[in-house]
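Chemist: Can you keep this structure in mind? I'll have questions shortly.
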Amino acid sequence: MIGLLLTGHDQFACGLLSAINMVAGSQPLINALPFEDHHAATYPAELHAAIASLNAEADGVIVLTDFMGGTPWNQAMIATQEFSDVAVVAGANVPMLLETLDFRESDYSLDEMVEELVAA
């Protein structure tokens, strides 16, 4: 199963995870890591650790961010350079995640999952 790491500004990621859990129930291998100003200096290391932790349990990781060009997206793009099986997708939203939850349990590759997320 492919792991999903939700991140974004302030409480975006936690809110997104909360909404997914409310609608679809608790999901395995989905974590949230908020980016907040008061821990901007430690965020890159926290993001790297969160990716590595998920990657150890999953068949690849997709990092979903709120929007392209912001600090969470920029740092995720930097962090993915150290992993061969991690991708970043911007524009995360509840319908996108709900539509792709079932695909995580299939034989979809990381690239195929990214295509499904972008299409959704």
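The values are calculated or read from the model by the stated rules, or taken from the named source; none is laboratory data. Because the structure is a prediction, the values reported are computed rather than measured. Because the Cβ atoms are built from the backbone with ideal geometry, glycine has one as well, and the counts that use them run over all protein chains shown. Calculation scope for accessible area: heavy atoms of the full protein, side chains included, ligands and nucleic acids excluded. Shrake-Rupley method; radii C 1.70, N 1.55, O 1.52, S 1.80 Å.
Chemist: Being small (Gly, Ala, Ser), open to solvent by less than 60 Å² (accessible area, probe 1.4 Å) and part of a helix (DSSP H, G or I) is the filter here, so list the residues in the stretch 54-100 that pass it.
Modeler: Of the stretch 54-100, the ones small (Gly, Ala, Ser) are 56, 58, 60, 69-70, 76, 79, 84, 87, 90-92.
This time we only want the ones that are open to solvent by less than 60 Å² (accessible area, probe 1.4 Å), so: 58, 60, 69-70, 76, 79, 87, 90-92.
Hits for the stretch 54-100 are 76, 79.
Chemist: Here is a list: 49, 92. Which entry is more than 22 Å from residue 120 (Cα to Cα) and of a type outside the set (Val, Ile, Thr)? Walk me through how you get there before you give the answer.
Modeler: Values: 92 fails: more than 22 Å from residue 120 (Cα to Cα).
Going through 49, 92 in turn, the sole match is 49.
Chemist: If you don't mind, another one. Looking at 23, 118, which one is farther than 14 Å from residue 6 by Cβ, touching a residue at least 60 places away in the same chain (Cβ under 8 Å) and assigned to a helix (DSSP H, G or I)? Show your work before the answer.
Modeler: Details: 118 fails: touching a residue at least 60 places away in the same chain (Cβ under 8 Å).
Exactly one of 23, 118 is farther than 14 Å from residue 6 by Cβ, touching a residue at least 60 places away in the same chain (Cβ under 8 Å) and assigned to a helix (DSSP H, G or I), namely 23.
Chemist: Please count how many residues of the stretch 101-115 are part of a helix (DSSP H, G or I), over 14 Å from residue 4 (Cβ atoms) and out of contact with any helix residue (DSSP H, G or I) (no Cβ under 9 Å at 6 or more places or on another chain).
Modeler: 2
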